[in-house]
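Visitor: Sending over a structure as C-alpha cells; questions will come in a sec.
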Amino acid sequence: LSLWEELSEDMKRVGTIVGVEERWMVRAMRGTLRLADPQQRHCLGVHQRFYTALALHDLVHEVSLADVAVKFGATKGMLQGLQQAASTFAGMVTVFCQRLGWNNLELLVGQFQDRLEFGIQRELTDLCRLASVDGARARMLFDSGVESVALLAAAKAEDVENIILANTAFASNKEGLRSSKGVFITGRPAMTVEQ
C-alpha cells in the first residue's frame, strides 16, 4: 500500500488496468480477507504479480540490487532468481513470437530479455553483449562516451583503462595499484585493468 501511494499516476493507471485495487490492499492490511474464497485468492495473485513487476521495473532501471532488496523486503538471491526467471520467460516468449511470425512483438519482448538479465536500460544492451562487460561496466563506459561495441573496439586500450580506473570505487591512480589484479570476469582468472 505504501508503494502504491508513492507511484506516479501513469503507474497507478497500469496497476488499475491489470486489476490492482487500493481498497483490496486496505482490506488486506486490516486482515479482513477470506483467502478460502477463490476470488480473493485470485486478487491476491494479481497484487503479488504487480508487486513483483514493480521490483523488476526498478531492476531494469538500474536501481542497485541492494536498494531493491530493502525496498521490497526481499533477499538479493530472491531478486536474482526472479530476474533470471523473468529473463528466461522473455526468451521463451521471444522464440514463440518468432515462430508465429509476430515480428514486432518479438523485437519488443526480445529487448526485455537482455534488460532483465543484466538489469540495464535499453541503451546498454549492445555493450553487455561482451562477456567482460556487466551492467555497471556498461554504464561506466556509456557515460564516458563509449556507447557501442564498435566505439569500444575503436578506442585505445589506455583510454578504456583510464575510464575504468577513473570510475572504479576506491581505486587509486598510483602506479603500484595499476598492476594489481583487481578485475574479475566470470570464467577467467583475475586481471589487471590494462589486461
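Visitor: Is it the case, given these coordinates, that residue 63 is open to solvent by 90 Å² or more (accessible area, probe 1.4 Å), within 23 Å of residue 120 (Cβ to Cβ) and β-branched (Val, Ile, Thr)? Before the answer, list the steps.
Guide: Numbers: open to solvent by 90 Å² or more (accessible area, probe 1.4 Å): no; within 23 Å of residue 120 (Cβ to Cβ): yes; β-branched (Val, Ile, Thr): yes.
No: the conditions fail for residue 63.
Visitor: Same structure again: Which of the residues that make up the stretch 15-43 are of a type in the set (A, V, I, L, M), surrounded by 15 or more Cβ atoms within 10 Å (Cβ to Cβ) and part of a helix (DSSP H, G or I)?
Guide: 25, 28
Visitor: For a quick check of your reading of the model, give me the residue pairs whose first member lies in the stretch 20-47 and is more than 16 Å from residue 3 (Cβ to Cβ), whose second is assigned to a helix (DSSP H, G or I) and among the polar types (S, T, N, Q), with beta-carbon atoms closer than 6 Å and at least 6 apart or on different chains.
Guide: Within 6 Å, the pairs are 33/40; 34/40.
Visitor: Further question: Of all residues in the stretch 66-76, which are in a helix (DSSP H, G or I) and either in contact with a helix residue (DSSP H, G or I) (Cβ under 6 Å, 6 or more places away or on another chain) or open to solvent by less than 50 Å² (accessible area, probe 1.4 Å) (or both)?
Guide: Correct list: 66, 68, 69, 72, 76.
Visitor: Answer yes or no as to whether residue 47 is of a type outside the set (A, V, I, L, M), surrounded by 13 or more Cβ atoms within 10 Å (Cβ to Cβ) and assigned to a helix (DSSP H, G or I).
Guide: Working: of a type outside the set (A, V, I, L, M): yes; surrounded by 13 or more Cβ atoms within 10 Å (Cβ to Cβ): yes; assigned to a helix (DSSP H, G or I): yes.
The answer is yes for residue 47.
The values are calculated or read from the model by the stated rules, or taken from the named source; none is laboratory data. Model, not experiment: these values are computed from the prediction. Please note: Cβ atoms are built from the backbone with ideal geometry, for glycine as well, and neighbour counts cover all protein chains shown. Just the protein is used for accessible areas: all its heavy atoms, side chains included, with ligands, DNA and RNA removed. Shrake-Rupley method; radii C 1.70, N 1.55, O 1.52, S 1.80 Å.
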